[in-house]
């Protein structure tokens with residue numbers, strides 16, 4: 001069943017998203033994962049939206065090929081519109097029975113389809129299929145992204161691939177090809193070869209506010225979507241202070257512009273066994289962040305404005321102290337615990353809601369934040385740590401590794417793969433947490449996003465906590481959609 005905020009179809013899960021804006025709507029194509037052991041093929045399915053608050057599910061858009069066709073698996077790519085209004089879809093074709101020239105692994109190739117009826121149907125052009133040019137790994141040649149810096153320049157195609165020599169984890173490169181007609185493609189010098197990662201999946205380039213951005217996802221240092229900034233579309237690229245879009249909880253994010261705003265769409269991965277301790281899996285639920293831009297070009301990531309506005313049923317929460325000497329009012333609690341810990345709890349919250357917390361952090365505060373689905377001092381924690389400059393996701397109790405009291409994964413201070421760097425200077429901040437079923441996203445000051453899964457606890461209170469510090473929670477509310 002599709003969740004109201006974080007969507008997925010009833011018969012599958014959302015993999016890599018390929019966003020495209022057309023006729024004032026966002027077309028969110030995605031790789032449809034059925035998790036069928038028979039592996040019958042991967043199609044491009046589609047969600048559409050005009051505001052990222054409500055969605056229409058359109059089902060299969062680009063069907064995958066048959067067992068004897070190169071595109072049994074139609075993997076990630078991109079979409080552009082040409083001067084005549086025809087829409088071109090470039091995608092990765094892969095079939096386990098179609099091997100590379102050396103016969104070791106399935107080949108990955110670039111394939112082409114077009115539409116002249118507003119993407120109601122696609123015509124595949126199998127005769128235009130091509131694989132990796134000389135010098136690149138034919139088994140890793142995927143995720144073609146096509147763009148044109150200006151109308152006077154040739155079309156550019158970026159492809160995630162690998163060089164054939166060098167340390168294995170450093171061979172990732174983004175290849176570049178050019179075309180005047182979107183049919184014939186000529187290899188050029190590599191677009192980006194930093195000698196840094198194993199692979200740069202789902203590459204993308206766009207311009208925003210006078211800056212150019214390169215976006216890619218990597219899984220060798222960490223499972224993250226990263227970005228770089230430049231003054232022109234071909235680099236050189238600089239690394240911003242905080243170069244990630246989210247943590248491990250959102251992967252393969254790519255963007256589009258709609259209504260003068262830019263949005264990133266990706267997927268929140270599920271966990272094996274639908275358990276907090278389960279391994280992360282490929283594919284999950286659709287999630288979208290709205291972009292803000294700082295004066296130096298650094299990007300921030302917040303909740304889509306129309307989605308926030310859709311939460312019209314708002315309730316101010318009243319809190320009852322559980323630990324510590326709280327003062328202020330039940331709706332605006334404050335506490336000062338220079339060398340201790342304090343917790344205050346609300347009545348039970350709905351299963352799905354938007355939590356908004358305005359707080360003022362005092363100097364030299366070690367930690368503060370919110371407890372979700374709480375029962376006493378147990379639950380999921382969104383913890384702000386000003387001294388360490390980060391927002392983290394934690395839970396209590398943690399995983400037990402044995403019968404002894406100390407066997408509680410105490411050496412893992414939080415879910416480190418979800419950790420987000422953040423500026424947490426003393427003063428006012430806003431924390432927004434969107435909770436829905438087994439998914440949640442925390443947004444700090446509409447600049448920092450942290451996505452997570454919450455399986456093992458399905459209900460409970462909202463808690464506010466402070467550890468070694470002084471914090472005033474000036475306004476706390478829960479809202480639902482009408």
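With respect to the conditions (1) in contact with a helix residue (DSSP H, G or I) (Cβ under 8 Å, 6 or more places away or on another chain); (2) touching a residue at least 24 places away in the same chain (Cβ under 8 Å); (3) loosely packed, with under 15 Cβ neighbours inside 10 Å, residue 277 lacks only one, and its number is (1). Whether a residue is under 25 Å from residue 389 (Cα atoms), outside the structural domain of residue 440 (by TED's automatic domain parsing) and surrounded by fewer than 18 Cβ atoms within 10 Å (Cβ to Cβ) was assessed, and residue 241 passes this test.
Within the option set 198, 182, being in contact with a helix residue (DSSP H, G or I) (Cβ under 6 Å, 6 or more places away or on another chain) and either outside any strand (DSSP E or B) or under 27 Å from residue 154 (Cα atoms) (or both) holds for one residue only, 198.
When segment 154-178 is filtered for residues that are more than 14 Å from residue 134 (Cα to Cα), part of a loop (DSSP other than H, G, I, E, B) and out of contact with any strand residue (DSSP E or B) (no Cβ under 9 Å at 6 or more places or on another chain), the ones remaining, listed by number, are 166, 167. Within segment 5-29, being in contact with a strand residue (DSSP E or B) (Cβ under 8 Å, 6 or more places away or on another chain) and over 19 Å from residue 118 (Cβ atoms) holds for 5, 6, 7, 8, 9, 12, 13, 14, 15, 16, 17. Evaluating residue 214 against the criteria (1) farther than 21 Å from residue 451 by Cβ; (2) surrounded by fewer than 19 Cβ atoms within 10 Å (Cβ to Cβ) leaves one unmet condition, (2).
Condition first: in a strand (DSSP E or B) and surrounded by fewer than 18 Cβ atoms within 10 Å (Cβ to Cβ). Now tell me which residues in segment 338-356 satisfy that.
Let us first name the residues in segment 338-356 that are in a strand (DSSP E or B), namely 338-349, 353-356.
The answer is 338, 339, 340, 341, 347, 348.
Scanning segment 256-273 for residues that are touching a residue at least 40 places away in the same chain (Cβ under 8 Å) and more than 10 Å from the chain's Cα centre (by Cα) yields a count of 9.
Here is a yes/no grid of residues against (1) assigned by TED's automatic domain parsing to the domain that holds residue 214; (2) surrounded by 14 or more Cβ atoms within 10 Å (Cβ to Cβ); (3) under 17 Å from the mean Cα position of the chain (by Cα); (4) closer than 14 Å to residue 476 by Cβ:
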residue	(1), (2), (3), (4)
281	yes, yes, yes, no
294	yes, no, no, no
297	yes, yes, no, no
325	no, no, no, no
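Only one entry of 104, 143, 180 meets the criterion of being in contact (Cβ under 8 Å) with a residue 12 or more places away in the chain and crowded, with 19+ Cβ neighbours inside 10 Å, and that entry is 143.
Just one of the listed residues (383, 390, 395) is over 18 Å from residue 445 (Cβ atoms), in contact (Cβ under 8 Å) with a residue 24 or more places away in the chain and surrounded by 14 or more Cβ atoms within 10 Å (Cβ to Cβ), and it is 395.
Could you please let me know if residue 269 is more than 19 Å from residue 354 (Cα to Cα) and modelled with pLDDT of 95 or more? The answer is yes for residue 269. The residues of segment 299-320 include none that are farther than 21 Å from residue 432 by Cβ and crowded, with 16+ Cβ neighbours inside 10 Å. Against the condition without any contact (Cβ under 8 Å) to a residue 12 or more places away in the chain, over 22 Å from residue 291 (Cβ atoms), surrounded by fewer than 18 Cβ atoms within 10 Å (Cβ to Cβ) and in contact with a strand residue (DSSP E or B) (Cβ under 9 Å, 6 or more places away or on another chain), how does residue 236 come out, does it pass? The answer is yes for residue 236.
Criterion first (surrounded by 13 or more Cβ atoms within 10 Å (Cβ to Cβ) and more than 27 Å from the chain's Cα centre (by Cα)) does residue 90 satisfy it?
On the way: surrounded by 13 or more Cβ atoms within 10 Å (Cβ to Cβ): yes; more than 27 Å from the chain's Cα centre (by Cα): no.
The answer is no for residue 90.
The values are calculated or read from the model by the stated rules, or taken from the named source; none is laboratory data. Please read all numbers here as calculations on a predicted model, not as lab measurements. Please note: Cβ atoms are built from the backbone with ideal geometry, for glycine as well, and neighbour counts cover all protein chains shown.
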